[in-house]
Amino acid sequence: MEATDCLTMDGRIVHVRTIRPDDAPALLALYQRLSPRSRYLRFFCAGAALDAEVRRLTRAPDADHVGVLVEEGGRVLAAGSYERVGRDQADFALVVADEHHGEGLGTLLLEHLAAAARRAGITELVGDVLPENAAMLKVGRDIAPGSAGRFVCGAVRITVPTIPDDAALAAVGARDRTAAHRSLRPLLAPASVAVVGAGRAAGGVGHEVLAALRDGGFTGSLYAVNPHADQVCGMAAHPTVASIGSPVDLAVIAVPAGQVPDVVRQCCDAGVRAAVVLSAGLDRAAKRDLVASARRHGMRIVGPNCLGVINMDPAVRLDAAFAPAPPLAGGLAVASQSGAVGIAILHASARCGVGVSSFVSLGDKADVSSNDLLAYWCDDPATRAVALYVESFGNPRRFAWVARALSRRKPLLAVKSGRSEGGLRAGASHTAAAAAPDTAVGALFAQAGVIRTDTLGELLDAARVLVDQPLPAGSRLAVVGNAGGLNVLVADAAGTARLTLPTLTLPGRAGDNPIDLGAEATPEAMAAAIRAVAESGGADLLVVTFVATRANDGAAMLAALAAAVDECPDLPVAVVAVGLPDVPANIGVRRVPVFDLPEPAVLALGRAAHYAAWRREPAGSRPVLPGIDAETARDVVRRTLATGDGWQPADVARSLLGCYGVPVVETVAATGADDAVRRAAAVGYPVAVKAAAPGIVHRSDIGAVWLGLSDEAAVRRAYRAIGGALGQARPEVLVQPMAPAGVELVAGVVHDERFGSVVMLGLGGVHTDLLGDSSLRLLPLTDRDAAAMWRGLRGAALLTGYRGAPPVDTAALEDLLLRLGRLAEDLPEVAELDLNPVLAGPRGCTAVDVKLRLARVGAEPDAYVRQLTHA
C-alpha cells in the first residue's frame, strides 16, 4: 500500500504506511511500552514472545501478509497486520500505544488493513478479542456497525467485511467529518493569528491583510511579524513567530516565494497549527517539501498562491484575505481555486444579497482541498449552503463521497471551468469516446447531488433561492403577477427548468395559472393572491411578477409582497420586479430574492426543485452480487499483463466477464474456412462470423462482420470476405449463434487518469457514435446509480415498451451495470472494456461483442479510506 497522511479523531496529522524490516526496533519499543494489562489483552497471556511478534510484523508484505503502522514525528503509535488463512479470509491483529488510546488509531489502522486486503482479493478480516478488551470491541463496532461478534473458545470473534456496507460507509464518513472539523478549526476559527510579512507601507499584501483583520474586529489575538519594523498598522511588530511568546493558531504568510520554506519551518517549530500561504511562485518540488514539513509537525496549509480565508461568525470575525471589501454575513460557504474568481463571487454575492458564512481561496491546494472543506462545512451550523469554483480534482472519488454526504444535508453548488478541454477524446472504443473529461465531471456531480451551473451568475441566482428558503416539496410552479407578458415568459421558462404549471382553483378564479391580476392590481390584491396560492396546496413554488407603472405605488407593493410571503414560510418564492428605480436584493424577513428578469428566477427555482427531488430519493446502496470470483479475475489479469498490455483476445475479455457473472453470447474462435464451418455446426445455425483481431472498433465498416449465416456455404463466403477485408489468407474469426432480438445498447468501462474507472451505458449498435446517447457514472456504483443510468438516456422509452414492444428486463440491465462497476473496482488495470452491442430483452441482457484493453496502472485512490490529499 502507498504511504499516506491521515487525521486522527482529534484532528492531528499522522503517517500511515507499510511496515518495513528496519521498523523492528521501533515496533519492539512500542510493545515494551505497553502495560502488562495491555500485553495480556493483545496476546491473551502475560509473557508474550515480543521478538517473534516483531519478526512476524516486519516480514516483507505479500499476497498473504501485510503489516501497517501509524507514526507521528517518527514515533510509532500503533501497528497492525493481517495473515491470510483462506482464499477469501485473513486474521488481523492490532496494537495501540497505551497513551494513544481513544484517538481512533485502531479504527484508522483497520480501515487501511481492510483496503489492503480488499486489493488482495480478501473479502473479510477476522480477529479474536478477549471479552474484557472493551477498547478493541469498540473498534470492531465502529468499523463494522452491522456485524455482531460471536463467542469462540472464550473470545469474541470480530468479522470485518473488506467491502463496507452502507452503515460502515456512513461511520467512515462521520469519522472523516469529525477529524476534518477538528483539523481545520485552527484555520477557520483561530484564537490567535500572526501575519508574517506585514509591511509598514499600505498597499502591500501582508499590510493589507493585517489591516483587514484589525478593521474587521478579529476577536482573537493578532500579531504582526516583521524583523525590519517596530510597528505595523499601529501594532507592535515581532521579528519572528517564535518571538511572540504566546501560542499562535494561524499564520498568514505573505513573504517572497524564496523565503516561504524558512518561514513555514519557523512556524512548525513554534507550534503553529495552520498556515495560509499567500505567496506565489513556488515550484512543485518546493510545495511538496512545504507540505511534508508541515504535516510532520501537524500543521495544515492553505495555498500557496491564494487570496486568504474569511469567517464571518460574530464569535470569530476573521478576515484574513486581501479582497477589497468583506462580504455580507450569511449562510453560504464559498471555496474557490482562483483568487480572482473568489473576489468576483464575494463582490457579486454582496450585490445580490447573498450572505457568506466563510470563504477559502484554495490557490494551488498543496494541502487543504475542497474535499477537506466539504467535510468541515457538512457539520458547520453557520453554513446552510456551499458554493465551489472548481478547476481540477485531486481525488475525485473522495470528492464524490464527501460531496454526497454534504448534499444530503445542505445544497452544494458548483461551477467547473475547462468544459471545452480537448472535447471528445479520440478513444479506441465507444466507451472511451463517450467518457469525455467534462462528461465525467457531469457524472461525478450527478452522483453526488451537486447542483452544477454554467456560470457564476447562475450559481448565485440558485444560492439566492436555496440559502434562505425551504426546499420545495415538488415541481409545481404557480405564477402570480400584474403583467401578462412577464407571466408568459415565466411559463415558457418553466418548461426549460422542467417545472410544471398546474391548474389552480382559487376563490373567484377557476383554472388560472399564471394568475394575471392586471396592471391596476392593488398591493392588497397581490398579497391576497399569494396567500390563496399558499393555502390551496396546489403549488410547490411561486413566482410573483410585478411591473411598476405610474398607476401603482412600487414601495407599497413591495411592502405588501414582503408581508404576504412572510406569511407563507413553507413555500419557496421568487419575485420578479421590473420598472422600479431602486430594487432591493430581497424582501421580507424570509429574505425572498428579487430578480429583475423572469428567466433567472425560474431557472433558480427549477434547480432548487430538482435538488429537493434528489434529496427525497433514498440513498443508493451497493447490493451483494453473487457469483463473483475476483481472485480468479486478478490471476487472469496478472498472467495476461505478464505477456504484454494493450488490446486482448476475445477469450481473455470473456473470461473476465465470466468471473463477474456478466452474460456473454457463446463465442468460439476458428482459423480457416473448414474450422469455421465445424464451429458453426457445433454452436448451431444461424450464426454470426466476425474478425477476431482485437482493437477493431467498427467491424461493420470494413466488412469484417457477417450476420444471419444459415448454412455452410454462407459461412465460407463470409470467411473469404473477412480475409479479404483484413488482407489475410487465414484470419482468425469468431463464430457465434445469432443472439435473440432486443434493444441494442452499449456498456463498458474506461479508466480515466483523473477520475479513475468510469462505467458507461448508451444506445448501441452501429449508430452508437452518431446518436451520442450515453450515461456515465464513477465508482463505486450503487443500485440507484445503475437505475439512473438507463433512465437518464434520451432513448429510455425504448427500454420501457416503446410503440407496443415488450419492455426490457431493466433489473437484469441494472445487475449487468453493477457487475461492470464491481469489475472496474477490483481491476483498475482494465483500461477499456467495450460491450457493444448488449442486447436487452424481456428476459435478460446479453453482451454480443466484447473488446478489452489492459494497462499497468497504480492503485486508484480508495474511496473507503480516510487519507489526506498528496501534495
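The values are calculated or read from the model by the stated rules, or taken from the named source; none is laboratory data. Since we're looking at a predicted model, the values are computed, not measured. All Cβ positions, even for glycine, are placed from backbone atoms using ideal geometry, and neighbour counts span all protein chains on display.
Against the criterion of being in contact (Cβ under 8 Å) with a residue 40 or more places away in the chain and under 24 Å from residue 823 (Cα atoms), residue 105 does not qualify. The residues listed here are 574, 532, 562, 525; of these, the one that is in a helix (DSSP H, G or I), in contact (Cβ under 8 Å) with a residue 12 or more places away in the chain and either of a type in the set (D, E, K, R) or in contact with a Leu (Cβ under 6 Å, 6 or more places away or on another chain) (or both) is 532.
One residue is enough: does the stretch 625-644 have a residue meeting the conditions polar (S, T, N, Q), assigned to a strand (DSSP E or B) and either closer than 26 Å to residue 561 by Cα or out of contact with any helix residue (DSSP H, G or I) (no Cβ under 6 Å at 6 or more places or on another chain) (or both)? Explain how you work it out, then say what you get.
Within the stretch 625-644, the subset polar (S, T, N, Q) is 632, 640, 643.
Retained after the next criterion (residues that are assigned to a strand (DSSP E or B)): none.
No, that holds for no residue.
Checking each residue in the stretch 634-644 for being at pLDDT below 95 and surrounded by 15 or more Cβ atoms within 10 Å (Cβ to Cβ) picks out only 634.
Among the residues of the stretch 187-239, none is identified as charged (D, E, K, R) and either at positive phi or in a strand (DSSP E or B) (or both). Contact map, the stretch 215-239: residues that are closer than 20 Å to residue 316 by Cα paired with residues that are of a type in the set (Asp, Glu) and modelled with pLDDT of 95 or more, Cβ distance under 6 Å, separation 6+ or inter-chain. Pairs shown: 216/319.
Taking (1) more than 30 Å from residue 637 (Cβ to Cβ); (2) under 29 Å from the mean Cα position of the chain (by Cα); (3) in a helix (DSSP H, G or I) in turn, residue 118 satisfies each apart from (1). Where strands (runs of 3 or more DSSP E) fall entirely within the stretch 284-346, those with at least 2 residues that are under 15 Å from residue 184 (Cβ atoms), at pLDDT 95 or above and within 23 Å of the chain's Cα centre (by Cα) are at 300-302, 329-336. Scanning the stretch 692-732 for residues that are exposed (fewer than 14 other Cβ atoms within 10 Å of the Cβ) and of a type in the set (Val, Ile, Thr) turns up just one, 702.
Kindly check whether there is at least one residue in the stretch 43-56 that is closer than 30 Å to residue 178 by Cβ and surrounded by 13 or more Cβ atoms within 10 Å (Cβ to Cβ). Looking for residues that are closer than 30 Å to residue 178 by Cβ and surrounded by 13 or more Cβ atoms within 10 Å (Cβ to Cβ), one finds none in the stretch 43-56, hence no. Restricted to strands (runs of 3 or more DSSP E) entirely inside the stretch 678-760, those with at least 2 residues that are touching a residue at least 40 places away in the same chain (Cβ under 8 Å) and among the β-branched types (Val, Ile, Thr) are 687-691, 732-737, 743-752. Note on the stretch 534-557: residues that are more than 36 Å from the chain's Cα centre (by Cα), closer than 20 Å to residue 485 by Cα and surrounded by 15 or more Cβ atoms within 10 Å (Cβ to Cβ) amount to 8. Would you check if there is a residue in the stretch 800-810 being polar (S, T, N, Q), surrounded by 22 or more Cβ atoms within 10 Å (Cβ to Cβ) and not in a strand (DSSP E or B)? No: zero hits.
For every residue, the table says whether it meets (1) among the aromatic types (Phe, Trp, Tyr); (2) touching an Asp or Glu at 6+ places or on another chain (Cβ under 7 Å); (3) without any contact (Cβ under 8 Å) to a residue 60 or more places away in the chain; (4) not assigned by TED's automatic domain parsing to the domain that holds residue 126.
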residue	(1), (2), (3), (4)
177	no, yes, no, yes
184	no, yes, no, yes
194	no, no, no, yes
200	no, no, yes, yes
204	no, no, yes, yes
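Every residue in the stretch 467-496 that is within 30 Å of residue 358 (Cβ to Cβ) and in contact with a helix residue (DSSP H, G or I) (Cβ under 7 Å, 6 or more places away or on another chain), please. Matches in the stretch 467-496: 471, 472. Within the stretch 121-167, the residues that satisfy the criterion of being under 15 Å from residue 88 (Cβ atoms) and either surrounded by fewer than 21 Cβ atoms within 10 Å (Cβ to Cβ) or polar (S, T, N, Q) (or both) are 121, 123, 124, 126, 159, 161, 162, 163. Answer yes or no as to whether residue 512 is over 20 Å from residue 580 (Cβ atoms) and of a type outside the set (Phe, Trp, Tyr). Criteria met by residue 512. With respect to (1) closer than 25 Å to residue 584 by Cα; (2) surrounded by 22 or more Cβ atoms within 10 Å (Cβ to Cβ); (3) assigned by TED's automatic domain parsing to the domain that holds residue 517, the lone exception for residue 488 is condition (2).
Checking the stretch 609-620 against the condition returns no match, with no residue being out of contact with any helix residue (DSSP H, G or I) (no Cβ under 7 Å at 6 or more places or on another chain), within 27 Å of residue 738 (Cα to Cα) and surrounded by 13 or more Cβ atoms within 10 Å (Cβ to Cβ).
Collect the residues in the stretch 645-662 that are acidic (Asp, Glu) and part of a loop (DSSP other than H, G, I, E, B), keeping them in residue-number order. Break it down into steps so the answer makes sense when it comes.
The first filter runs over the stretch 645-662 and keeps only residues acidic (Asp, Glu), leaving 645, 651.
Residue satisfying the conditions is 645 alone.
Every test in (1) in contact with a Pro (Cβ under 6 Å, 6 or more places away or on another chain); (2) modelled with pLDDT of 95 or more; (3) more than 30 Å from residue 351 (Cβ to Cβ) is passed by residue 647 save one, and that test is (2).
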